[in-house]
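Report on the structure given below.
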Amino acid sequence: MSVNGVIQNVKWPELVLTSENGGAKVEGKNFVMTDNQRWVGTYKWDEPTQKMLVAIQNKETGNYLAWNSEMKVVMSSSEYWWKSVLVKDQVGFQVPEKKAAAASANDESFYTLELEADKSVTLKYQQGKLVSSQLWTIVPK
């Protein structure tokens, strides 16, 4: 699934991923047809993990969807590579190979991009199947 357009949340389909305040904040907002709500993906194959990774760039600011050392969602001028998890025609975005300090080597859990009820966008330490607030549909708008 190619990222090129609006990233719409599955649980709250009226909300799309939005870069606010010149890229200082990322949240869910109603679609108003502006470029701060449009995204483009760049892809690369990661040989060690045998996974396709995606860097997600905002069309308005040119900055990339990223995370900081505290595992908070931020925007960055540098590419950050997300693992995309396909579930039917939807996608989840996870921080590749980043696990909590207490996780075992065999633990299949990752920090996953999630839209919260208050419209904030967070990284949730996820084990098991992704839930609807962590799934997104790419809409070519």
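Given a cut-off of under 8 Å on Cα pairs at least six residues apart, what relative contact order in percent is computed for the chain? It rounds to 26 percent for the chain. The computed volume of the Cα convex hull per residue in Å³ for the structure shown corresponds, within (i) 110; (ii) 177; (iii) 98, to (i).
The Lys59 and Asp118 beta-carbon pair, evaluated with R₀ = 25 Å, returns a calculated FRET efficiency of approximately 0.50. Estimated at 0.36 nm per residue, the fully extended path between Val74 and Val87 surpasses their Cα-Cα distance by 2.2 nm.
Positive-end ranking of Pro96, Gln134, Val26 along the dipole of the chain, with charges on Cβ about the Cα centre, is headed by Gln134. Amide H to amide H distances under 5 Å link Gln126 with Phe110, Tyr111, Thr112, where only residues 5 or more positions off or on other chains count and H is placed in the peptide plane. Close amide H pairs (under 5 Å, H built 1.01 Å from N) link Lys51 with Asp46, residues at least 5 positions away or on another chain. For region 80-88, the Karplus equation 6.51 cos²θ - 1.76 cosθ + 1.60, evaluated at θ = phi - 60°, returns couplings of 10, 9, 9, 8, 9, 10, 8, 10, 6 Hz by residue, with Gly and Pro reported as x. With 0.36 nm allotted per residue and the present C-alpha distance subtracted, the Asn21-Gln50 stretch has 6.8 nm of extension available. Computed from backbone phi with θ = phi - 60° and the Karplus coefficients 6.51, -1.76 and 1.60, the 3J(HN,Hα) list for region 52-64 is 7, 10, 9, 9, 10, 9, 7, 5, 6, 8, x, 7, 10 Hz; x is used for glycine and proline.
We did not get these values from a lab; they are worked out from the coordinates using the rules stated. Predicted model, so just to flag it, every value in this text is computed and none were measured. Backbone-built Cβ (ideal geometry, glycine too); neighbour counts: all protein chains shown.
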